[in-house]
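Read-outs throughout are calculated quantities, based only on the coordinates presented, and are distinct from any laboratory measurement. Please read these numbers as outputs of a predicted model, since none were measured by experiment.
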Amino acid sequence: TERMLHDEQKRQAQKMEAVGRLAGGIAHDFNNILTVISSYARLLLESAHEERMREDIGEIALAADRASGLTRQLLAFSRRDVIATRSLDVNDVVRGMEPMLLRLLNADIALVSKLDSGVDRVTADPSHIEQIVMNLVVNASDAMQNGGTLVMETGNTELDAAYARAHSDVIPGEYVMIAITDTGKGMDPTTVSKVFEPFFTTKDLGRGTGLGLATVY
C-alpha cells in the first residue's frame with residue numbers, strides 16, 4: 001500500500017510538471033500577444049472621441065486585462081514567473097491580507113485568525129504566500145454557501161519520517177505551517193482524488209479556471 005501511494009504521488013508530480021511546462025510555454029507566448037493588444041487598445045483610447053467607440057475599445061482592454069490575469073496564474077503554476085524571496089514572518093503576510101479577505105468573504109462567514117507569535121521566519125516570496133492563502137480562502141468560501149467559519153492558523157510543526165513516507169516530496173524536519181480550515185460541506189472522494197488536477201473544477205462554466213488548488217500544490 002505504501003509503495004502504491006508513493007508511485008501514485010510520483011505520477012501526480014510528473015504529470016503536474018509536464019502540464020506546468022506546457023502551460024508555462026503557452027502562457028509566455030500568449031502574454032506577449034496580450035501586451036501588444038493592450039498597448040494598441042490604450043493608443044486607440046487616446047485617439048477615440050466617440051463615446052460608443054471608447055466603450056467598445058474599453059471592453060477590449062478589459063478582456064486583455066482579464067486574460068493577463070489568467071496568464072499570470074499559469075506562469076505562477078508553471079513556476080516561470082519572477083520569484084523574489086526574502087526572510088519574512090508569515091504572520092505579517094497573513095495579517096496584512098485580513099482586510100482584503102474580509103471584503104472578499106460574504107457577511108455570514110466569520111474570519112478567525114490563530115497566529116502563533118512564536119512562529120519561525122521563512123525564506124519565501126511573499127506574493128506566493130499571498131496567492132496560496134487567497135486560493136485556499138476562495139475555495140473555502142465557495143464551500144460555505146450558507147455561511148460558516150473560516151480559520152487561518154500559523155505555527156511551527158515537525159514532519160516526521162512516518163509523514164514523509166506518506167508524502168513522497170517531503171523531507172523530515174521542522175517546518176512552518178499555514179492552515180486554512182472551513183466549516184463547509186467538504187468534498188466527496190472523487191473530488192478529493194482530483195483536487196490538485198490542473199484545470200479540474202467543480203464550479204460552473206466561466207466561474208473557475210481549475211488552477212487555484214493546482215497552484216497551491
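Here are the numbers:
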quantity	calculated
Hits among aspartates and glutamates - C-alpha to C-alpha of Lys114 under 15 Å, sequence gap 8 or more where chains match	Asp89, Asp92, Glu98, Glu153, Asp182
Spread of Cα-to-Cα distances over 5 Å intervals beginning at zero, given as percent, for the stretch 89-143	4, 17, 29, 26, 15, 7, 2, 0
Share of alpha-carbon pairs per 5 Å distance bin for the stretch 94-187, given as whole %	3, 12, 20, 21, 18, 15, 8, 3, 0
